[in-house]
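Throughout, read-outs are computed from the coordinates displayed, never taken from laboratory work. All figures in this text were calculated on a predicted structure; none of them were measured in a lab. Note that we place each Cβ from the backbone using ideal geometry, even for glycine, and neighbour counts take in every protein chain shown.
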Amino acid sequence: MSVPTYDKFIEPILRYLAANPEGATARDTHEAAARALDLSESQLQEIIASGQATYKNRAGWAHDRLKRAGLSSSAKRGYWKLTEAGTDYSVQHPSPLTADQVEKLAIGFMDVRLRNPTDAVPLDVVEQGEDTPVSATVSPDDRLDQALRELRDATARDLLDSLLQVSPNRFEVIVLDVLHSLGYGASRTDLQRVGGSGDGGIDGVISLDKLGLEKVYVQAKRWQGTVGRPELQAFYGALAGQKAKRGVFITTSGFTKQAIDFARSVEGMVLVDGIRLVNLMMDHEVGVTSRLLKLPKLDSDYFDEERGF
């Protein structure tokens with residue numbers, strides 16, 4: 001018998017985290033769900049193509065659904081904890097959950113994607129494709145596109161969670177790694193972290209030429225609150241103090257409309273919000289790895305009778 005689908009893991013995870021209000025490691029939660037579902041040894045040994053245990057993969061997707069519903073969170077790296085809403089939900093919905101309740105948690109929040117804070121203005125206009133319901137009439141290509149979007153969105157959430165949990169010093173290093181992956185600096189040594197007290201609002205410096213005559217100054221803020229106009233004005237003042245022509249302000253959060261308007265009113269200032277940052281990290285494989293999928297497709301030309309030997 002194969003491992004149950006991820007929706008079957010939702011309630012065991014919800015109940016285990018409810019019984020551990022301070023949170024629990026993802027590993028312990030995986031095992032608790034496996035015990036609750038009474039998985040056999042052969043089911044525990046089953047793996048997916050990437051080499052991960054199937055039950056751990058499905059437990060992870062079950063937790064992703066709880067996070068999308070606002071019922072759980074990744075309190076810290078590899079650590080899961082119910083939100084206040086999740087604790088209330090577990091009390092208001094005693095075991096067992098009905099089939100409709102499980103279905104709503106499993107697929108009812110799939111369109112909940114990574115968003116900026118409510119008072120932030122998106123820097124990038126992202127075309128959100130409609131989620132196509134899985135059915136016999138949906139082509140495999142459409143299902144694959146939908147799955148890839150979902151995998152990318154889940155990775156984006158995990159990346160942002162991880163960025164919010166690292167130290168400010170480590171975040172500054174990560175930001176410089178991202179900028180180097182974008183082609184700034186001939187080598188990684190051309191990007192230097194400043195940071196610390198007395199940095200004048202400058203966290204990093206990028207030398208665009210070997211002599212260091214042309215530089216880009218960076219401010220990296222691992223914030224949850226929205227960045228407003230005053231923060232950008234202070235950064236602009238720090239740039240002026242360095243007689244700098246270019247500056248990049250990067251945050252895990254977002255920017256208010258007033259902040260964006262200010263950045264556009266001055267020359268040489270570029271803004272990167274949390275959504276743009278995690279997309280850059282995925283596109284350039286900073287903090288993430290990619291796996292190659294080989295999809296067979298018929299080569300009709302091969303069967304052409306006019307082809308020679």
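The table below lists the values:
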item	result
Inter-probe distance in nm under a simple model that places probes 7 Å from Cα toward Cβ, at Q192 and L293	4.5 nm
Segment 230-309: GluC sites (Glu not before Pro) falling in loop per DSSP and having at most 16 other Cβ within 10 Å	E267, E285, E305, E306
Whole-Å semi-axes of the chain's equivalent ellipsoid (Cα gyration tensor)	40, 28, 19
222 nm mean residue ellipticity, helices alone, for the chain (DSSP H n ≥ 4; -39,500 (n - 2.57); rounded to 500)	-13500 deg cm²/dmol
Placed amide H near G247: partners under 5 Å, 5+ positions off or other chain	Y217, M269, V270
Gaussian network model of the chain, springs between alpha carbon atoms under 10 Å - residue of E11, E41, E214 with greatest fluctuation	E41
25 Å Cα-Cα threshold exceeded, pairs from K104/K257; K67/K294; K56/K76	K104/K257; K67/K294
Calculated log₁₀ intensity ratio I(q)/I(0) where the Debye formula runs over C-alpha points of segment 214-288, q = 0.14, 0.25 Å⁻¹	-0.44, -1.16
Semi-axis lengths, Å, segment 1-112, gyration tensor of Cα atoms, sqrt of 5 times eigenvalues	21, 15, 14
Extension gain (nm, one decimal) between I48 and S265, 0.36 nm per residue minus Cα-Cα	73.0 nm
Beta bridge orientation in the chain: antiparallel %, DSSP, nearest 5	60 percent
Per-residue Cβ neighbour rank within 10 angstrom, fewest leading, T289, T83	T289, T83
For the chain, the longest site-free run once trypsin sites (Lys or Arg not before Pro) in DSSP loop states with at most 13 other Cβ atoms within 10 Å are removed	116-209
